[in-house]
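Below is one structure, written out as structure tokens; comments come after it.
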Amino acid sequence: MRKAKKKSESWWPVRLLRYLGGYDFIQITALLFLICTGLVFIYSTGVQIGTALSLQAFDRQLLWAGGGFVLWIAASSINLRRTEYKVFSLIFYLATLVLLLLLPFVGQKVNGAVSWLNIPGVGFRLQPSEFAKLALIMLLAAMFSTAMFSVNKFFCLLLSGVTVAIPLVLILKEPDFGSALILIPIYLAIVFCAGLKWRFIITVSITSICALALVVANEVLRIHPFLKGYQLNRILAFLHPEDFLASAGYQPYQAGLAVASGGLFGKGIGAGTQNSLGFLPQMAANNDFIFAIIAEETGFIGCLLIFLAYLLLLYSILRTAFLTDDPFGRYLCIGVGSIIFAHCFINIGMSIGITPVTGLSLPFISYGGSFFLMLMTACGLMQSVYRHRDDGKV
């Protein structure tokens, strides 16, 4: 009996099923749904717009999807419990800082921001700020999972704050206000889960609220010295949309109309008028405002499915954070979850008028390479944490 049992366990289909059983299929299901949805609507917007660039977007996104799955598989195959990955976190962080420092000298200027590096020979533009988000999460996770590093020690908290401030300032100088903004909730989520005492939380919250109130006041008075003209107009258009319908407020206004006109079931894929008639800007239809396209063409039901997929993905990430006994993996999960949540909230908010236009992409759905590849790598790391969640238990 024992020999028969051992023989059945060594049979390759059994070993394959056992190996696959270690993966989190909740995450995989949500990812596949969101990626396929993105591909459908990137193709749809490309056909409606009809320009050569818009038609190429689907082919490029398909290539990035393939590359993203390769990175996902590679990242999910490693074991993050090995100590060398904490050292790699520092190397990765420093490498992204070098790339951010190189941008003013060799970067490519697009839409007023020097945020991209051309990769010779492959026709691909890399956006270092996207990978800086993941590098920051990994380094913060390595710092707070170290036994001697306590979030409630002033020096440790100051050091972690400086770790966030350096890439934040470099990204602001591009200028890329949206990507810089995302670093703040990443940091706050990780330090909160690291056990920051309430007196620090209250102090930081009051300081942040006062700083935000001062910034908003300065923006309203048009005297803020750190924002470019178009950035200031976007915020003013958010605060006073009726005064900017002919300029910075035009895009969010048309996006709001698209969302509202979708009704319960939408007008049908490819049948939306806001995009096909050119009311939504062609350059942003498959990226910044792709949610508005989805809402108009699939209605409330389509939007509900999108929300459920994101909730399922966030649930899988947070569940992994609770299941693992590895602090490094837990903080990684919290950081990646905060990126996805913040991007979803801000991007969808842009289309329904509750957040200003910042140029942040909708995760796994919007057209774009760097952000997509970074997220697929991050989700692969989440799979790694899930697969090795019990390795440290006796």
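Suppose all protein chains stay in the model; what accessible area per residue would a 1.4 Å probe give for the range 51-184, in Å²?
Accessible surface, normalised per residue, equals 50 Å².
For the range 35-77, which whole percent of the accessible surface, found with a 1.4 angstrom probe, sits on carbon and sulfur atoms? The partial results should precede the final answer.
Values: 1530 of 2020 Å².
C and S fraction of accessible area: 75 percent.
Counting only protein heavy atoms and a 1.4 Å probe, tell me what percentage of the range 271-394's accessible area is made up of carbon and sulfur.
The value for the range 271-394 is 70 percent carbon and sulfur by accessible area.
If the label point is 7 Å along Cα→Cβ of Ile78, which residues in the range 29-63 have backbone nitrogen under 19 Å from it?
No residues fall inside that zone.
For the range 244-362, compute Rh as the Kirkwood radius over C-alpha pairs and then the Stokes-Einstein diffusion coefficient at 20 °C and 1.002 mPa s; write the answer in µm²/s, rounded to an integer.
Numbers: Rh = 15.3 Å.
Answer, rounded: 140 µm²/s.
The values are calculated or read from the model by the stated rules, or taken from the named source; none is laboratory data. Just so you know, these numbers come straight off a predicted model, no measurement behind them. Glycine gets a Cβ as well: all are built from the backbone with ideal geometry, and neighbour counts include every protein chain shown. Surface accessibility is based on the protein's heavy atoms, side chains included, excluding ligands, DNA and RNA. Shrake-Rupley method; radii C 1.70, N 1.55, O 1.52, S 1.80 Å.
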